[in-house]
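A.B. asks: Can you read through this structure? Questions will come right after.
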């Protein structure tokens, strides 16, 4: 009999969120699972790591009911993956790292701000196959039931066929409001952006403060993007790499007189 | 007479650091300058943005002596750029955004963890030409005198020739210990990584905590990387894009039975 794969799970919404509970239940059907996740929400943390503070890491009984070993960490998602690899699992190598399920989309440029994807990309940097899962529904009690089957299918294939080296998959699911899921598309990251705005308020002492608010604007009309896929009821898979070099711009910059 | 360019400056070491002081002095020779920078150090913040908290933005007199308008912000480097574009400069468009000078290298994969580069990449996302500058010297009183000339030269060319769209430049300078600078190389991001370790300590109450410590390991033997350039006394310029799609992995993943 084949040995069960070892699957490490993290997220950015925190260890008690519904998304990581769903993901852990699905992964427990596929392999041996260890969870190392933030002890509080870390949304929008991007690829932050904790360098100016110490980190706590404590055993958690959050997944005791399904027999899954879990740890909660005071740091960011990227810290969790580092602590998992170099401390919790220092004598064992995970066969796969999964992150999520994020409450909210991580399509397009959101991948840069996403704590969920930073955990997956950190794993890829460490040479581990990795997938980040997100559902386009920000509600804390979002319904994940319609995507469990797809998560299991995608993860099984990833374990069976292997994820290309240095790549982390960014998987986004349309929310239930789109009706039946149309299928799965391998996509590129849409060239969309957030159109930000700052809401100005005054605190009880008369001092001004700001809240970041914004609208997601898709200026990319391609039919091969993750935003198009999600808007049309498909699951999007964007393979992401961490080499950010813009090779195509070398000729222009090489002309500079420097 | 040509209008002076409007240059927005941010960083991640905070508005009082020596690096941003040097950068602001050099930029003031080239254009009209506005500084919006964090009120405290934000190293390792990656592309974090503040979504679960409010932001403060206050006028600062840090650069009053050189006649430069400045604001300090309670948020991350990416927050600073957003606040600058959509609030401080909402009726004016900067001709260039520069970030730094970071105290420490942002070569190779450090670009992912770097607050300095997140400010530059955020600007690129917003459609603004951007450059992040870093010196390979972590000391708070690092000597930036040998690189002023190069910063002015690179920035002048960027203003004159234009940075390709959707690209932010990641410029790293060797520290003075390498002796005379050999020149400037346009490079790719080295495939190096941090080999992490966690130092375990006990607090005065007997509870365990951890410090992230690590060594930078370069496994990339290419002569066209930023790490090679810096190790050999050259200034490295890596053009960075924010499209993280790993197009080359599409064929493999398209074979999956999903």
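Nothing in this text is a laboratory measurement; each read-out follows from the coordinates by a stated rule. As the structure is a computational prediction, the values presented were derived from the model and not from experiment. Methodologically, a virtual Cβ is constructed for each residue, glycine included, from the backbone with ideal geometry; neighbour enumeration extends over all protein chains shown.
A.B. asks: Restricting to Cα pairs below 8 Å that are 6+ residues apart, what does the relative contact order work out to for chain A? Please round to a whole percent.
C.D. replies: 17 percent
A.B. asks: Something else: Using a simple spin-label model with points 7 Å from Cα along the Cα→Cβ vector, what separation in nm is obtained for residue B:216 and residue A:223?
C.D. replies: Placing both labels 7 Å along Cα→Cβ, they lie 4.7 nm apart.
A.B. asks: Provide Rg over Rh for chain B; use the alpha carbon set for both Rg and the Kirkwood Rh (inverse mean inverse pair distance).
C.D. replies: 1.00
A.B. asks: If each DSSP helix of 4+ residues adds -39,500 (n - 2.57) and the sum is divided by the residues in chain A, what number results at 222 nm, nearest 500 deg cm²/dmol?
C.D. replies: Calculated from helices alone, the mean residue ellipticity at 222 nm is -6000 deg cm²/dmol.
A.B. asks: Over the stretch A:21-123, what is the relative contact order in whole percent, taking alpha-carbon pairs under 8 Å and six or more residues apart?
C.D. replies: In percent, rounded to a whole number, it is 34.
A.B. asks: Among DSSP beta bridges whose residues both lie in chain B, state the antiparallel percentage, nearest 5.
C.D. replies: If I count the DSSP bridges inside chain B, around 40 percent turn out antiparallel.
A.B. asks: Additional query: Considering only the label points, 7 Å along Cα→Cβ from Cα, what distances in nm to one decimal separate residue A:222 from the same position in each other copy, shortest first?
C.D. replies: 2.1
A.B. asks: A further question follows. In the stretch B:1-76, what % of DSSP beta bridges are antiparallel (nearest 5)?
C.D. replies: Bridges in the stretch B:1-76 are about 30 percent antiparallel.
A.B. asks: Right, something else. Where the centre of each part is set by its Cα atoms, how far does the stretch B:107-177 sit from the stretch A:186-249, in angstrom?
C.D. replies: Each part reduced to its Cα centre gives a spacing of 24 Å.
A.B. asks: Okay, next question. Fewest to most neighbouring Cβ within 10 Å: what's the order for A:29, A:157?
C.D. replies: Result, fewest neighbours first: A:29, A:157.
A.B. asks: Dividing the convex hull volume of the Cα atoms of the protein assembly as shown by its residue count, what figure in Å³ per residue is obtained?
C.D. replies: Residue-normalised Cα hull volume stands at 171 Å³.
A.B. asks: Determine which residues of the stretch A:17-42 fall in the zone a paramagnetic label at residue A:6 would reach in this model, i.e. backbone nitrogen under 17 Å from the point 7 Å along Cα→Cβ.
C.D. replies: Within reach of a label on residue A:6, which here means backbone N under 17 Å from a point 7 Å along Cα→Cβ, the stretch A:17-42 contributes A:28, A:30-37.
A.B. asks: Oh, and also: Compute the label-point distances linking residue A:148 to its equivalents in the other copies; points lie 7 Å from Cα along Cα→Cβ; give nm, one decimal, shortest first.
C.D. replies: 6.6
A.B. asks: For the stretch A:70-207, what is the largest minus smallest coordinate of the Cα atoms on each principal axis, given in angstrom and ordered from greatest to least?
C.D. replies: Computed over the Cα atoms, the extents are 57, 41, 29 Å.
A.B. asks: OK, next. With no solvent and one point on each alpha carbon, what is the Debye value of log10 I(q)/I(0) for the stretch A:1-76 at q = 0.12, 0.23, 0.25 Å⁻¹?
C.D. replies: -0.34, -1.03, -1.15
A.B. asks: Taking just the alpha carbons, could you work out the radius of gyration and Dmax for the stretch A:186-258, both in angstroms?
C.D. replies: That works out to 19.5, 56 Å for Rg and Dmax.
A.B. asks: What is the pair-distance distribution P(r) of the stretch A:129-248, computed from all Cα-Cα distances in 5 Å bins starting at 0, with each bin given as a whole percent?
C.D. replies: P(r) for the stretch A:129-248, in whole percents per bin: 2, 9, 15, 18, 17, 14, 9, 6, 5, 3, 1, 0.
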